[in-house]
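The values are calculated or read from the model by the stated rules, or taken from the named source; none is laboratory data. Quick caveat, the model's predicted, so the values are computed rather than measured. Every residue, glycine among them, receives a Cβ derived from its backbone with ideal geometry; neighbour counts consider all protein chains shown.
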Amino acid sequence: MKRKLVKQGAATMMISLPSKWIKANSLEKGDEIDLENLGKNLVISIKSPEKKLETSIKLTSLTESSIRTLITNTYRESYDKINVEFENNEQFKILKRVIETRLIGFEITKKQQKSCTVENITEPSPDQFDNLLNKIFLNIEELFEITKKRLNDEEAEDFEEVADRIQKYDNFCRRIIVKRKLVEKNSEMFWSFLSSIIRAYRELYYLNKATDKKIKVSEKTKELLQDSEEVFSMIIEAYKNKDIEKLNKIHELEKQGIKKAYFLLETKKGKENIIIYRICSSIRQFYQAVSPLTGLLM
């Protein structure tokens, strides 16, 4: 269905709404409708109270990662009210911490002996997607700085706090991607792009976990970390400036970085190879973001 734009005044453009849609929804002069700007799409809908999506889940494991995965994926699926059954207080404690550190705007609103209700209370507007995506990028940049300091055995900020922020912003962005899927044709590519960035960040996170053991590293290994940071910086620059040409340079950077990493893995010994392996994997994962990003920029 197409409509022509009609100029109204100096800067305003107008369109007419289909009469069938007007009648079907009993709209009259003066009624309000909602407009939502989703990239290149403008969604027109009837102004009505938002329906909250509700679901139920059951915790059966005491493993933190299992509980975290279950609740965060339910959150990502755009549910606003989650009824949770649990078997013991230890599960509830893990659940509570995950909600506090990983779910933006959600709180436990009701608790019984073996169940609780988790609800959307103060979630940011979907319009904040770009701002929070940018926060992911900024926190990964901060993680690079922390990593460099720790490899030099210098005092650095808590990388665990940075990791919690990145995961929290990532969960929110994925929640919005799911919500927009019906109107955003590039939702799958955006999901894939973000997944590669997050997998690369996780390599840096585990690198920092390894450096808790005070592993001494060579200057060559530190230079390899700089290569990973350069690949990341170029990807983000290409994304922000919509510059496909910038992506072409990353193909060569990745090949050079992996070649250096393989050489170091062959020549170094002991626990330093753990660091080299993690940096190598981060380069490869950042590089994997190039393909979906190319699709987003085309």
With the requirement that a residue be more than 20 Å from the chain's Cα centre (by Cα) and without any contact (Cβ under 8 Å) to a residue 60 or more places away in the chain, what does segment 146-176 give you?
Lys149, Glu154, Glu155, Ala156, Glu157, Asp158
Taking the criterion of being at pLDDT 95 or above and among the polar types (S, T, N, Q), would at least one residue in segment 174-189 satisfy it?
no
In segment 286-298, the residues that are among the small types (Gly, Ala, Ser) and not in a helix (DSSP H, G or I)
Ala289
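The rows are residues; the columns are (1) at pLDDT below 80; (2) over 28 Å from Ile176 (Cβ atoms); (3) surrounded by 13 or more Cβ atoms within 10 Å (Cβ to Cβ).
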{"site": "Arg3", "(1), (2), (3)": "yes, no, no"}
{"site": "Val6", "(1), (2), (3)": "yes, yes, no"}
{"site": "Leu38", "(1), (2), (3)": "yes, no, yes"}
{"site": "Ser65", "(1), (2), (3)": "no, no, no"}
{"site": "Leu70", "(1), (2), (3)": "no, no, yes"}
{"site": "Gln91", "(1), (2), (3)": "no, yes, yes"}
{"site": "Ile108", "(1), (2), (3)": "no, no, yes"}
Output yes when any residue across segment 151-158 is in a helix (DSSP H, G or I), surrounded by 15 or more Cβ atoms within 10 Å (Cβ to Cβ) and aliphatic (A, V, I, L, M), and no when none is.
yes
Qualifying position, being among the hydroxyl-bearing types (Ser, Thr, Tyr), outside the structural domain of Glu272 (by TED's automatic domain parsing) and within 15 Å of the chain's Cα centre (by Cα), among Thr101, Thr63:
Thr101
Can you pull out every residue in segment 143-191 that is among the polar types (S, T, N, Q) and more than 18 Å from Arg68 (Cβ to Cβ)?
Thr147, Asn152, Asn186, Ser187
Looking at segment 230-242, can you tell me whether even one residue there is of a type in the set (A, V, I, L, M, F, W, C) and within 21 Å of Asp153 (Cα to Cα)?
no
Can Ile283 be described as touching a residue at least 12 places away in the same chain (Cβ under 8 Å), over 17 Å from the mean Cα position of the chain (by Cα) and part of a helix (DSSP H, G or I)?
yes
Can we say Thr147 is at pLDDT 95 or above and either surrounded by 18 or more Cβ atoms within 10 Å (Cβ to Cβ) or part of a loop (DSSP other than H, G, I, E, B) (or both)?
yes
Considering residues that are modelled with pLDDT of 95 or more and over 15 Å from Leu207 (Cα atoms), the number found within segment 267-283 is 0
Would it be correct to say that Glu85 is modelled with pLDDT of 95 or more and either assigned by TED's automatic domain parsing to the domain that holds Trp191 or more than 21 Å from Gln167 (Cβ to Cβ) (or both)?
yes
Answer residue from segment 190-240, given it is surrounded by 18 or more Cβ atoms within 10 Å (Cβ to Cβ) and farther than 26 Å from Phe172 by Cα and is modelled with the lowest pLDDT among those:
Thr211
Residues (over 25 Å from Glu142 (Cα atoms) and among the β-branched types (Val, Ile, Thr)) located in segment 233-271
Ile244, Thr267
